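**Q** Questions regarding the structure given below will be posed in turn.
The values are calculated or read from the model by the stated rules, or taken from the named source; none is laboratory data. Given the structure is predicted, the values throughout are model-derived calculations rather than measurements. We place every Cβ from the backbone using ideal geometry, glycine too, and count neighbours over all the protein chains shown. Side chains included, ligands, DNA and RNA excluded: accessible areas come from the protein's heavy atoms. Shrake-Rupley method; radii C 1.70, N 1.55, O 1.52, S 1.80 Å.
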Amino acid sequence: MSVHRVRVSELAGRLVLGPQEVRHLQVMRLRPGDEVQVFDGRGGEALATLAELDEGRAVLTLHLDAGTEGAADLGRETPQPVTLAIALLKGDKLADVVRAATELGVARIQLLVTAHADAREIGAQKLVRLRRVAEEAARQSRRRVVPEVQGPLHLARFTWEGRLVVAHPGAEARLPDLLDWAAPLTVLSGPEGGFSEAEIAGLLARGAVPVTLGPRILRAETAPLAMLGAVVATGV
């Protein structure tokens, strides 16, 4: 049986968890004495024992003899950090993309407002929900890092480190052929209506590289995952 995983704020000898984590432990039917795997979302991971559990709190004790695995030991992460930059989408599409992108290894998700975006903004509660989706996906996929989900930013103000590739119909370059893992990578995907000509021209002028996703037209929630799948296959 696999060990259940719990997100904590830090790795310490004695960890006190609040109501949200208590509910998760109760749903998992854990009892005092059971082992759990704790991770801090920044790369640290260790084994712990559930020492106390009641309605309001839980206490975990870290296995000191097992040590902890620090942020430098990220065996489940890509060779360089990968950022997904994506235009705002309607309904639950963003949550679906955040969940799958987390499973595919992104370190950061930047929401963008673009000319043809399905929405111009999202509420604070939806942003909180997207961050919870990322945390749950990281726990289930056994990642040690929980991606940052950053609030909407206008495309013109968006900056990046390393190389940026943008999905664009008519492009000739293939994403796998561009990956050398010498620097961080940003994958940019647009809304259902695509990027405007002015947006593409501005991105290319700032050094973005357009890439093809093949001969078929992909939906806005499918395109970023196709790009990330190619990244993961190249970065293993």
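**Q** Would you be able to tell me the number of residues in region 156-166 that are in contact (Cβ under 8 Å) with a residue 60 or more places away in the chain, of a type in the set (A, V, I, L, M, F, W, C) and either open to solvent by 20 Å² or more (accessible area, probe 1.4 Å) or touching an Asp or Glu at 6+ places or on another chain (Cβ under 9 Å) (or both)?
**A** Matching residues across region 156-166 total 1.
A quick yes/no check of all residues on (1) in contact (Cβ under 8 Å) with a residue 12 or more places away in the chain; (2) out of contact with any Asp or Glu (no Cβ under 7 Å at 6 or more places or on another chain); (3) buried (at least 19 other Cβ atoms within 10 Å of the Cβ):
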| residue | (1), (2), (3) |
| --- | --- |
| Val97 | yes, no, yes |
| Ala119 | yes, yes, no |
| Gln125 | no, yes, no |
| Val128 | no, yes, no |
| Ala138 | yes, yes, yes |
| Ser141 | yes, no, no |
| Val146 | yes, no, yes |
| Val149 | yes, yes, yes |
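**Q** Same structure, new question: Which of the residues spanning region 195-227 are assigned to a helix (DSSP H, G or I), touching a helix residue (DSSP H, G or I) at 6+ places or on another chain (Cβ under 9 Å) and surrounded by fewer than 14 Cβ atoms within 10 Å (Cβ to Cβ)?
**A** If the condition is that a residue be assigned to a helix (DSSP H, G or I), touching a helix residue (DSSP H, G or I) at 6+ places or on another chain (Cβ under 9 Å) and surrounded by fewer than 14 Cβ atoms within 10 Å (Cβ to Cβ), then no residue fits.
**Q** Name the single residue, out of those in region 41-64 being part of a loop (DSSP other than H, G, I, E, B) and touching a residue at least 40 places away in the same chain (Cβ under 8 Å), that is nearest to Arg7 (Cα to Cα).
**A** Of everything passing the filter in region 41-64, Gly41 is nearest to Arg7 (Cα to Cα).
**Q** Still on this structure, I have one more. Considering each of Ala171, Ala230 in turn, give the residue that is in a loop (DSSP other than H, G, I, E, B) and open to solvent by less than 40 Å² (accessible area, probe 1.4 Å). Can you show your working first?
**A** On the way: Ala230 fails: in a loop (DSSP other than H, G, I, E, B).
Just a single option satisfies the conditions, and that option is Ala171.
**Q** If you don't mind, another one. Where the second residue is at pLDDT below 80 and open to solvent by less than 60 Å² (accessible area, probe 1.4 Å) and the first is more than 13 Å from Val59 (Cα to Cα) and lies in region 19-38, which pairs have Cβ atoms under 6 Å and are six or more apart or on separate chains?
**A** Partner pairs satisfying both residue conditions: Gln37/Val3.
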